[in-house]
Amino acid sequence: MDVYLPIANLAVNGLVIIGLGALTGLLSGMFGVGGGFLTTPLLIFYGVPPTVAAASAASQVTGASVSGAFAHARRGGIDYHMGAVLVAGGVLGTGIGALLFRLLQALGQIDTVINILYVLLLGGIGGLMAHESVTTLRAQRRGVAPPARRRRHHPLVASLPLRWRFYRSGLYISPLAPLLLGMATGVLTMLMGIGGGFILVPAMLYILGMSTNVVVGTSLFQILFVTMATTMMHALTTHAVDVVLAGMLLVGSVSGAQIGAQFAQKARPEQLRLLLAVIVLAVALRMAVGLGYRPDEIYTVVPL
């Protein structure tokens, strides 16, 4: 079933794209992450231009985050005060990211930068997750409980001025910390098409020191609005959002997320984290190989 993507200017197999969406949805349901950090690389591997893949993946993450955000809102798992600051920083970050995107496009380096960012980011996050998971599994095998993490914000956060109280998160910190964190997430969302949850959640836990019962819900709240802003920014400035591509991805991800959630209930969290780390590192390795691989045909001619 061939489908023409008008923005990517490419004919693709619609079932394959829906399958890619289902795969990222499956991972989202199993591991509790948005899946955008794998959607863009998989689309690039399939042949979709990196700019279109990043812009369209952001719109898919928006749709996939809606149900999760509502579910956490119903059980009171969102700190709206903290979420508003993160969203404000994220919207500012998308504006900065749009300027960087256009600049790199003008220099002809946007595709290379997207690939390099994915290699660095996925390699770093995957390595940290793998180390933590292996350490936990070894401790359980020896019958020793892993040390409990003390919930405390980073010393750099404590040194920032203008402290506010975030009651749902149990924090008394400067709003500059979540604002800067939101800005960094917004820039990465604009450049890479990721939701940012796999960066935002650890940062909220280990840098801001937020309470665990509101971390995931607040992250989804921020991702929802920031990816909306990112999609609008891409549509207005880069014109790289392919609605046909995003729609097919969303159809697959919605069904895949339900299946993944059922798998997650039967597996141990440490094993799931280790499996996710292996997948992330495998994608990072594949992208690193692609950056250094020299094709047989360096130039191709495409008829207009």
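Taking the Cβ-Cβ separation of residue 278 and residue 139 as r and a Förster radius of 22 Å, what is the calculated FRET efficiency to the nearest 0.05?
Working: r = 19 Å, r/R0 = 0.88.
For R0 = 22 Å, the calculated efficiency reads 0.70.
For the range 85-139, the solvent-accessible area of protein heavy atoms averages 47 Å² per residue (probe radius 1.4 Å; ligands and nucleic acids excluded). If R0 equals 35 Å, the separation of the Cβ atoms of residue 2 and residue 128 corresponds to a calculated FRET efficiency of about 0.30. Once the C-beta distance of residue 285 and residue 165 is scaled by a Förster radius of 41 Å, the resulting FRET efficiency is 0.40 to the nearest 0.05. Do any chymotrypsin sites (Phe, Trp or Tyr not before Pro) in the range 165-252 lie in a DSSP loop with no more than 15 other beta carbon atoms within 10 Å, and if so, which? Listed in order of number, the matching sites are 167. Our estimate of slack between residue 254 and residue 236, defined as 0.36 nm per intervening residue step minus the Cα-Cα distance, is 3.8 nm.
The values are calculated or read from the model by the stated rules, or taken from the named source; none is laboratory data. Keep in mind the model is a prediction, meaning the values are calculated, not measured. So basically every Cβ, Gly included, is an ideal-geometry build from the backbone, and we count neighbours across all protein chains shown. For accessibility, only protein heavy atoms count, side chains too; no ligands or nucleic acids. Shrake-Rupley method; radii C 1.70, N 1.55, O 1.52, S 1.80 Å.
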